[in-house]
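Below is one structure, written out as structure tokens; comments come after it.
The values are calculated or read from the model by the stated rules, or taken from the named source; none is laboratory data. Bear in mind the structure is a predicted one, so any value in this text is a computation, not a measurement. Because the Cβ atoms are built from the backbone with ideal geometry, glycine has one as well, and the counts that use them run over all protein chains shown.
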Amino acid sequence: MNECQFPRSRKLRATATPYVFALYMSAIMALLMCFVITAANAGIDEAYLNNVLKAYRLAMPVAFVCVLLVRPIVLRLVALTVHPH
């Protein structure tokens with residue numbers, strides 16, 4: 001078995017897809033934004049990584065909730081702007 005694949009029994013049900021998507025999207029985007037915003041506001045020095053991680057502790061849960069809340073709006077906007085075929 002490929003080491004990047006989970007055994008079928010370890011996967012979540014398809015109904016979890018929106019939540020898993022929100023988790024991954026918010027985790028990645030919050031971390032990237034914390035890197036950029038921390039560098040822009042405080043500069044890059046010896047405390048940079050610590051400051052990024054401190055900001056991330058707040059940003060990640062907020063981003064997760066925001067992704068869950070805006071998902072229906074984004075899906076609707078995509079449906080309005082992209083031809084289905």
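Some points to look at:
- In the stretch 36-50 there is no residue that is out of contact with any strand residue (DSSP E or B) (no Cβ under 7 Å at 6 or more places or on another chain) and in contact (Cβ under 8 Å) with a residue 24 or more places away in the chain.
- All conditions but one from (1) under 30 Å from residue 75 (Cβ atoms); (2) exposed (fewer than 11 other Cβ atoms within 10 Å of the Cβ); (3) modelled with pLDDT under 95 apply to residue 18; the one that does not is (2).
- Residue match in the stretch 69-77 (condition: surrounded by 10 or more Cβ atoms within 10 Å (Cβ to Cβ), part of a helix (DSSP H, G or I) and under 10 Å from the mean Cα position of the chain (by Cα)): no
- Test for residue 71: is it of a type in the set (Lys, Arg) and in contact (Cβ under 8 Å) with a residue 12 or more places away in the chain: yes
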